[in-house]
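A.B. asks: Below is one structure. I have some questions about it.
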Amino acid sequence: MESISVFDMLKIGVGPSSSHTLGPWRAANRWLETLKSKEQFDKIQQIKVQLYGSLSLTGKGHATDIAVMLGLLGADPVTFEISKIESEIEKIKTSNSILLDSKHKISFSPSEDIVFNRKFLPFHPNGITFQAELEDDRKISETYYSIGGGFVVQKERKRAQKKIEKFSHFPFPIEKATELLEYCHAQNASISEIVYKNELSLRTSEEIDSQLIEIWDVMLDSMFVGCHTQGILPGGLNVQRRAFEIHVKLKGTSHYNNAYEWISSIRDTEVKFRQILKWVSCFALAVNEVNASLGRVVTAPTNGSAGVIPAVLMYYLVIENHDGNKEDIRKFLLVAGEIGSLFKKGATISAAMGGCQAEIGVSSAMAAGALTELMGGTPEQVLIAAEIAMEHHLGLTCDPIAGLVQIPCIERNAMGAIKAINACELALDRDPSTAKIPLDKVIATLWETAKDMTSKYKETSEGGLAVQVNISDC
């Protein structure tokens, strides 16, 4: 049984895509580690990177080539200074060289040595192969797969097996929602309490709490930055940032000096129903505009869906409960992470495998369930909320125009957040005994729908809006 930590589902990284940016970046980091362990790193003379399938088809729009180069530099996507990305990439291009792990310089031409290969590898649509020639003319290679949410595996899944063994001592191993519910009943505990006990087998309570707040701080910062940044998003579609203008209209004359004061100022604003919709949409748009501009966000469970969970949690803190605190934030993220892991284990969180239902649909389910616990819902109602949110995203395709995580991706986060809140309210008013569709069934349906979905609707930009709408139309 594969046990997945909340901190695997909620990762700090760089936009615009967890599978096409964060995953390849991590794969490059991992390849460097492998070369060092085999004492081959210092012997490298040349390298070539092959991008396959979806990584190739939408790689340019998703900045996959940029991510690969940053990974080869040895940069950490959690801490690397975003403002330096452009200059570091320009340095590689102008010098036709790269400093592997910031230590070993070799010749490298991005236009020639990163190959966008339209071929699909059989194991997963997001394949990436690193090839190297050593001093003794030996040629070596390693292939990795970016399987969504920043997760990276190799075909033989050796690393995945190690992770399974590492987490096998979870006191409450969970594969399905029914098992999670059984633990809640047996322990007379909430979902967040069960998840917290599992995390305690990996980390101290202090580490869990501090890392969860670190995740929230990145979420909050991405909302704050997005709401205070004007201009055009990069990539060629000339998409105007919208969160800024919406925010200006909503905030009125309120003043603040930082993101936490910003929360207080919003709480003091008179909010009516229509304004609530606008605030939630504004929060979600803000995050994904930051994501689209290679900003730092939290993969939740993917970068393309990074705005849903922050927007819904912010809704709770500024609309539903003005006394909301770090304990509420902690519970919300624990529940959201666990629900996301159920989808990853039972279906997929990769748009290249399942379309956008696997991204926005899953993030909406995560947010709906988490909000329901904070609103006083029972564990049954939490799972019902997650099911409702996912049920009404089934079949959602991934068809980004020009391969960019902008249209329709950014607006879909706003829609996913609103649906999550609606699903929560429907679940809270529901007698669990009358629910007809268990969460496990909708997870299974997601997977069956993913398998039936035509490949052109799975993050290839070869179907749907991506071909119906010309770039010039935008």
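A.B. asks: Specify the residue that is surrounded by the most Cβ atoms within 10 Å (Cβ to Cβ); the eligible residues are those in the range 384-406 that are touching a Pro at 6+ places or on another chain (Cβ under 8 Å) and part of a helix (DSSP H, G or I).
C.D. replies: Ile384
A.B. asks: Oh, and also: Which residues, counting only those in the range 30-43, are crowded, with 20+ Cβ neighbours inside 10 Å and within 20 Å of the chain's Cα centre (by Cα)? Give the derivation first.
C.D. replies: So the first thing to find is which residues in the range 30-43 are crowded, with 20+ Cβ neighbours inside 10 Å, and the list is 31-32, 35.
Passing the criteria: none in range.
A.B. asks: Which fully enclosed strands (runs of 3 or more DSSP E) of the range 44-131 have 3 or more residues being crowded, with 20+ Cβ neighbours inside 10 Å, modelled with pLDDT under 95 and of a type in the set (S, T, N, Q)? Outline the logic, then answer.
C.D. replies: On the way: elements: 44-53, 97-100, 104-107, 114-117.
Answer list for the range 44-131: none.
A.B. asks: Looking at the range 312-383, what helices (runs of 4 or more DSSP H) fall wholly within it and have at least 1 residues that are acidic (Asp, Glu) and free of Cβ contacts under 8 Å to residues at least 60 places away in the same chain?
C.D. replies: Output list reads 326-346.
A.B. asks: Return the residues of the range 175-198 that are touching a Gly at 6+ places or on another chain (Cβ under 9 Å) and either among the basic types (Lys, Arg) or buried (at least 16 other Cβ atoms within 10 Å of the Cβ) (or both); say none if nothing qualifies.
C.D. replies: Lys176, Ala177, Ile191, Val195 - these are the residues of the range 175-198 that are touching a Gly at 6+ places or on another chain (Cβ under 9 Å) and either among the basic types (Lys, Arg) or buried (at least 16 other Cβ atoms within 10 Å of the Cβ) (or both).
A.B. asks: Moving to a separate point now. Test Leu220 against the criterion of being at pLDDT below 95, buried (at least 16 other Cβ atoms within 10 Å of the Cβ) and assigned by TED's automatic domain parsing to the domain that holds Gly340, and give yes or no.
C.D. replies: Details: at pLDDT below 95: no; buried (at least 16 other Cβ atoms within 10 Å of the Cβ): yes; assigned by TED's automatic domain parsing to the domain that holds Gly340: yes.
It is false that Leu220 is at pLDDT below 95, buried (at least 16 other Cβ atoms within 10 Å of the Cβ) and assigned by TED's automatic domain parsing to the domain that holds Gly340.
A.B. asks: Restricting to the range 310-337, count the residues that are among the basic types (Lys, Arg) and either at positive phi or crowded, with 17+ Cβ neighbours inside 10 Å (or both).
C.D. replies: 2
A.B. asks: From the list Leu202, Leu220, Leu181, which one is closer than 17 Å to Ser341 by Cα, part of a helix (DSSP H, G or I) and either among the aliphatic types (A, V, I, L, M) or within 21 Å of the chain's Cα centre (by Cα) (or both)?
C.D. replies: None of the others qualify; the one that does is Leu181.
A.B. asks: Further question: Please go through the range 252-264 and pick out each residue that is assigned to a helix (DSSP H, G or I) and free of Cβ contacts under 8 Å to residues at least 24 places away in the same chain.
C.D. replies: Of everything in the range 252-264, those that are assigned to a helix (DSSP H, G or I) and free of Cβ contacts under 8 Å to residues at least 24 places away in the same chain turn out to be Glu261, Ser264.
A.B. asks: Also, I was wondering about something else. Mind checking which pairs have a first residue in the range 103-122 that is closer than 21 Å to Gly403 by Cα and a second that is polar (S, T, N, Q), Cβ under 7 Å, 6 or more apart or different chains?
C.D. replies: Correct list of pairs: Val115/Gln50; Phe116/Ser56; Asn117/Gln50; Asn117/Ser56; Arg118/Ser56.
The values are calculated or read from the model by the stated rules, or taken from the named source; none is laboratory data. No experiment lies behind these values; they were computed from the predicted model shown. Positions of Cβ are backbone-derived with ideal geometry, glycine not excepted, and every protein chain shown enters the neighbour counts.
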